[in-house]
Amino acid sequence: MLFDQIAEIVAEHLDCDKEEIKADSTFESLGIDSLDAVELVMKLEESLDVQLDLDRDLATIDELVKFVEEKMN
C-alpha cells in the first residue's frame, strides 16, 4: 500500500516509529520544514521511481499520498 511505503520513508527520515505517522498527520506537527520536504520528495522519487514536481502545497500525509498516486498514474 502506498501509504505504508510513504510512512516508512517519512519515519526513516524523521528517525521515528512508522506507527507515529498517521494519514491525518500534518507536516508541521511532524516537524517537517521546507528543507525536510525537499529531501523527502527526493527520497520518494528514488524509492517509488516517480517524478514529483511539487506544484501545490500539501499539509498532511494523506494529501501527499494522493499527490503521489496522481503522479504515478
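Taking every alpha-carbon pair under 8 Å whose residues sit at least 6 apart, the chain reaches a relative contact order of 38 percent.
For region 55-70, backbone phi angles converted through the Karplus equation (6.51, -1.76, 1.60; θ = phi - 60°) give residue-by-residue couplings of 10, 7, 7, 10, 10, 10, 4, 4, 5, 5, 4, 5, 4, 5, 4, 4 Hz, Gly and Pro being listed as x. The phi-based Karplus calculation (6.51 cos²θ - 1.76 cosθ + 1.60; θ = phi - 60°) puts the 3J(HN,Hα) values of region 36-44 at 4, 4, 4, 5, 5, 4, 5, 5, 5 Hz, whole numbers, x for Gly and Pro. Principal-axis analysis of the Cα atoms of the chain puts helix 2-14 at an angle of about 50° to the longest axis.
Once the 1.4 Å probe is applied to the protein heavy atoms, region 12-73 comes out at 69 Å² accessible per residue. Extents of the chain, taken as max minus min of Cα coordinates on every principal axis and listed largest first, are 28, 24, 20 Å.
Here region 32-73 has 46 percent of its accessible surface on carbon and sulfur atoms, given a 1.4 Å probe and all protein chains in place.
The values are calculated or read from the model by the stated rules, or taken from the named source; none is laboratory data. All values reported here derive from a predicted model rather than from experimental measurement. All accessible areas refer to the heavy atoms of the entire protein, side chains included, with ligands and DNA or RNA removed. Shrake-Rupley method; radii C 1.70, N 1.55, O 1.52, S 1.80 Å.
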